[in-house]
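These notes concern the structure reproduced below.
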Amino acid sequence: MRLAYVYRNISGALAQEYRLSVTANNLANAATPGFKKDIPVFKDFMVFRTQPDLSQGQLERTDRPLDLALSGPGFFQVDTPNGPRYTRNGALTLTGEGLLVTQEGWPVAGNVTIPAEAKEITVTPEGEVMADGERAGAIDLVEFADPKLLEKEGYNLFRSRDPNLAPQPAADTRLEQGYLETSNVNVTESMINLIDLNRCYEAYQKIIQSFEETDTRIVNDVGRLY
């Protein structure tokens with residue numbers, strides 16, 4: 001009985017420690033465009049995994065022509081060394097060859113190439129790119145039948161946890177040029193959660209420490225009897 005009680009408290013402390021880490025990471029990315037906060041998923045009193053919250057962030061106007069915000073459930077598809085990946089971060093840029101890429105240098109699917117001498121870049125809500133009135137390509141926007149099967153990979157990228165989950169051409173997603181989607185992290189709410197989680201974690205630590213002190217006293221008392 002006592003061992004089970006100790007185990008539950010240790011498990012609780014580990015779970016709170018993990019929740020603290022997740023919440024702190026969410027806060028650290030509150031200013032990252034397109035970032036989706038993580039939510040811990042529990043199983044048998046333990047953190048089983050994290051699930052990204054894919055709810056829409058607010059759109060922030062920047063007036064930069066290569067800042068593109070997604071309105072709807074879709075993603076940009078980008079080509080990485082590990083294969084196609086998906087992101088909501090639309091802070092894009094150009095290579096010296098005029099290729100449309102992410103801040104990390106990964107090409108955005110759609111083979112968009114903009115001439116260096118282009119003065120005006122226009123992107124339609126459907127993703128068609130025009131450079132000085134001439135078509136320069138079209139950005140591939142994709143959606144997933146079950147986005148809950150997506151998992152984070154780092155660098156604000158997503159990949160599928162299910163090999164059978166294939167991206168489909170976006171039907172309900174539109175681009176907003178000159179805007180960025182902000183993180184969906186609520187800073188005030190996360191700060192409050194961080195304080196509460198820290199207090200809860202400290203409470204578990206005190207309980208565990210009391211068990212350790214009790215065990216130490218028992219060992220010392222038994223030693224004195226002999």
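A few points about this structure:
- Proximal aspartates and glutamates relative to LYS119, as straight alpha-carbon distance under 20 Å, when same-chain residues fewer than 8 apart are discounted: ASP63, ASP67, GLU97, GLU128, ASP132, GLU134, GLU176
- Within straight-line cross-link reach of LYS152, aspartates and glutamates at Cα separation under 15 Å, skipping those fewer than 8 residues along the same chain: ASP38, ASP53, ASP162
- By average C-beta atoms within 10 angstrom, highest first, the peptides 118-127, 160-169: 118-127, 160-169
- Placed amide H near LEU99: partners under 5 Å, 5+ positions off or other chain: ILE114
- Square roots of five times the Cα gyration tensor eigenvalues for segment 59-181, Å: 24, 15, 13
Any read-out appearing in this document is the output of simple, stated calculations on the displayed coordinates, not a laboratory observation. Because the structure is predicted, anything quoted here is derived from the model rather than measured. With ideal geometry, Cβ positions are generated from the backbone for all residues, glycine too; neighbour counts draw on all protein chains shown.
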